[in-house]
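For reference, the structure discussed in these notes is given below.
Read-outs throughout are calculated quantities, based only on the coordinates presented, and are distinct from any laboratory measurement. It should be emphasised that the depicted structure is a prediction, and the values quoted were computed from it without experimental measurement. Backbone-built Cβ (ideal geometry, glycine too); neighbour counts: all protein chains shown.
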Amino acid sequence: MFKSFFFHLGRYFVFLGQMFRRPEKWRILGKRILVEIDKLGVDSFGIVTIISLFVGAVITIQTATNLDNPFIPKYTVGTAARESILLEFSSTIVCLILAGKVGSNISSEIGTMRITEQIDALEIMGVNSVGYLVTPKVIAMLISVPILVAYSMCIGIFGGWMAGDYTGLCPSDDYIHGIHYAFKPYYVVYSLVKSLTFAFTISTIASYWGYYVKGGALEVGRASTKTVVVSSIVILIFNLLITQIWLN
Amino acid sequence: MIEAIDIHKTFGDREVMHGISATFETGKTNLIIGKSGSGKTVLLKSLVGLYQPESGDILFDGRSTINLSHKRSLALRREIGMLFQGSALFDSLTVEENVRFPLDMFTNMTLQERKNQAIACLERVNMPKESYKLFPSEISGGMQKRAAIARAIALRPKYLFCDEPNSGLDPLTSSVIDNLIHEITKEYNITTIINTHDMNSVINIGEHIIFINSGNKEWDGTRETILQADIPAMKEFLEPYRLRFE
């Protein structure tokens, strides 16, 4: 098991090395980044909206229910919901969801290209296949994920406000006051830094497993599963490390 | 001309090529034949640089490809065109964009020039005009092969490699693809190496033939002399086609 771990770790870093080679044409790299932003980022807005809206609402209702004490002001619900959404939900949970959606998409796309010899075709032509296929995806993710995370923060807080106001558990004025209360902009920066790390993790791990697929459709499926499992674990580890380093 | 000199290739503990030496001449369709699992694809992929042989040398017009610097290796690869067994067209690009791809990557031509060149290649392989804007999944296997040939010749290569070009095609389409490869070889005077187990290809276009068995080169000759080979594995391989040769 350790041998396999170090084998993949070593090969992963060699793979990253190939990613940073000079591209054949900057113009083509630019075009491909735009295509990938559309495919990986813009296409994820729907799922991020739905999840953020509902989770924001649930966080607010749960917090309000648990803080049902006359000595605790109502606006605390807004503050607690904001902190949960900003610090953990929008950066970590959204990225875990993206590891499933985007990660498996990247892995199966590159894996299929491998088994249908499209990557061999690139290599024969003298194209750096890692640079051509992976670099635009990584850059697109580094651009898209922080935007998605910031968007998720807004939608999550909005979902919380709607739920609090609609159920009457936290009136609108209290919730909005709670959102503003003791706000630390630093938490947003911390969250966005985490999202950048996770974006790099998801895109490179997914590309790695896809790139080295051997066999057929079954192996492409396995690579997608490995992508989701490995990138989720790595996200959780980095989450812990970054939190310990930044907030402690 | 491409020369393979004493090529050995191993996967794990298993040696799959045991010192193969062969010469592939320019302006001729050179065929590598043999049973499935005989090592044809490994030889072809070693020649083209997708596999690195453990020992031996491969010369492209006298230029050794072993231990070639990255820059020189890339330069050499741009002189190579390859037709893959499954065509290997890029799914996300249209037929025309697939053919234009090497031109986009490696030339400084204007967009219009690249488009014109791609269309010229597609016309050369007799692709119907209405297929230019279609994606590979929307065209037939035969058309995919034609498009892949067009892409392979887009940069006017000196060397053309074809891995099982007739795989999955009906006999008529196979013959069309064979003839197309043969015509292009003559027209551009390139060194063409075709990996096949299709005896119809041998009869139609085999000018220089190499027989591979269990990772060894067992015979080398022309289609005219193929029946005179006194090798048991080859006799067994050719038996179903003996009447057609005769």
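If we count other beta carbons within 10 Å of each Cβ, what is the order of A:Val193, A:Val234, fewest first?
Details: A:Val193 14, A:Val234 17.
Arranged by neighbour count, lowest to highest, A:Val193, A:Val234 become A:Val193, A:Val234.
Kirkwood hydrodynamic radius, computed over distinct alpha-carbon pairs, for segment B:89-156: how many Å, to one decimal?
Working: mean 1/r = 0.0871 Å⁻¹.
About 11.5 Å, per the Kirkwood formula over Cα pairs.
Over its Cα atoms, what ratio of radius of gyration to 2.2 N^0.38 Å does segment A:75-229 give? Let's see the in-between values first.
Details: Rg = 20.1 Å, N = 155, 2.2 N^0.38 = 15.0 Å.
The value comes to 1.35.
Could you list B:Lys133, B:Lys40 in order of exposure, starting from the residue whose Cβ has the fewest other Cβ atoms within 10 Å?
Working: B:Lys133 11, B:Lys40 25.
By the 10 Å Cβ count, ascending: B:Lys133, B:Lys40.
Mind checking B:78-84 for the average number of partner chain beta-carbons within 10 Å of each residue's beta-carbon? Before the final figure, lay out the partial values.
On the way: counts 4, 1, 3, 2, 6, 1, 6.
Other-chain Cβ atoms within 10 Å of each residue's Cβ, averaged: 3.
Quick check for me: using +1 on Lys/Arg Cβ and -1 on Asp/Glu Cβ, what's the dipole size of the protein assembly as shown about its Cα centre, in debye to the nearest 20?
On the way: 47 positive and 47 negative charges, 212 e Å.
Roughly 1020 debye, rounded to the nearest 20.
For A:Phe158 and A:Leu240, calculate 0.36 nm times their separation in residues minus their Cα-Cα distance, and state this gained length in nm to one decimal. Show your work: numbers first, answer last.
Numbers: separation 82, 0.36 × 82 = 29.52 nm, distance 2.72 nm.
Contour length minus Cα-Cα distance gives 26.8 nm.
For chain B, with only Lys/Arg (+1) and Asp/Glu (-1) charged at the beta-carbon, what is the dipole magnitude about the Cα centre, in debye rounded to 20?
Values: 28 positive and 32 negative charges, 143 e Å.
Dipole about the Cα centre, nearest 20: 680 debye.
What FRET efficiency would be calculated for the residue pair B:Glu25, A:Leu16, taking the C-beta separation as r and a Förster radius of 51 Å, to the nearest 0.05? Could you put the intermediate results ahead of the total?
Values: r = 43 Å, r/R0 = 0.84.
In this case the efficiency is close to 0.75.
Let me make sure I get this right: for the protein assembly as shown, a, b and c are the square roots of the gyration tensor eigenvalues over alpha carbons, sorted descending. Under 1.5 in a/c it's rounded, otherwise prolate if a/b > b/c, else oblate. Which is it?
Numbers: a/c = 3.01, a/b = 2.51, b/c = 1.20.
Verdict is prolate for the protein assembly as shown.
Kindly list the residues of segment A:56-95 that lie in the label zone of A:His180, defined by a backbone N under 18 Å from the point 7 Å along the Cα-to-C-beta vector.
Correct set: A:73-83.
Placing unit charges on C-beta atoms (Lys and Arg positive, Asp and Glu negative, everything else neutral), compute the dipole magnitude of chain A about its Cα centre in debye, rounded to 20. Could you put the intermediate results ahead of the total?
Working: 19 positive and 15 negative charges, 182 e Å.
Using only the charged Cβ atoms, the result is roughly 880 debye.
Where the centre of each part is set by its Cα atoms, how far does segment A:108-163 sit from segment B:180-246, in angstrom?
Spelled out, the Cα-based centre of one part sits 46 Å from the other.
Other chains near A:124-133: what is the mean number of their Cβ atoms within 10 Å of each residue's Cβ? All intermediate terms of the calculation are to be shown ahead of the outcome.
Details: counts 14, 15, 13, 7, 2, 0, 0, 0, 1, 0.
If you average over the peptide's residues, the count of other-chain Cβ atoms is 5.
When a/c reaches 1.5 or more, the comparison of a/b and b/c decides; with that in mind, is segment A:17-89 rounded, prolate or oblate per its Cα gyration tensor?
Numbers: a/c = 5.57, a/b = 3.26, b/c = 1.71.
Prolate, since a/c reaches 1.5 and a/b exceeds b/c.
Could you compute the FRET efficiency for B:His70 and B:Arg156, with r as their C-beta to C-beta distance and R0 at 30 Å, rounded to 0.05? Intermediate values should be presented prior to the final figure.
Details: r = 23 Å, r/R0 = 0.77.
After rounding, the FRET efficiency stands at 0.80.
How many angstrom lie between the C-alpha centres of segment A:11-67 and segment B:1-33?
Comparing the Cα centres of segment A:11-67 and segment B:1-33, I get a distance of 46 Å.
Could I have the simple spin-label model distance between B:Asp6 and A:Val229, label points 7 Å from Cα toward Cβ, reported in nm to one decimal?
Each label point is offset 7 Å from its Cα along the Cβ direction, giving 4.6 nm.
How would you classify chain B from its alpha-carbon gyration tensor, with a ≥ b ≥ c the square roots of the eigenvalues: rounded for a/c under 1.5, else prolate if a/b is greater than b/c, otherwise oblate? Mind dumping the intermediate values first?
On the way: a/c = 2.00, a/b = 1.34, b/c = 1.49.
Here chain B falls in the oblate category.
In which sequence would A:Asp174, A:Asp165 go, from the one with the fewest C-beta neighbours within 10 Å to the one with the most? Intermediate results must be reported in sequence, preceding the final value.
Numbers: A:Asp174 20, A:Asp165 17.
Going from sparsest to densest Cβ surroundings: A:Asp165, A:Asp174.
Tell me which aspartates and glutamates have Cα within less than 17 Å of B:Lys235's Cα, excluding those fewer than 8 residues away on the same chain?
Hits, sequence-local ones excluded: B:Asp198, B:Glu218, B:Asp220, B:Glu224, B:Glu246.
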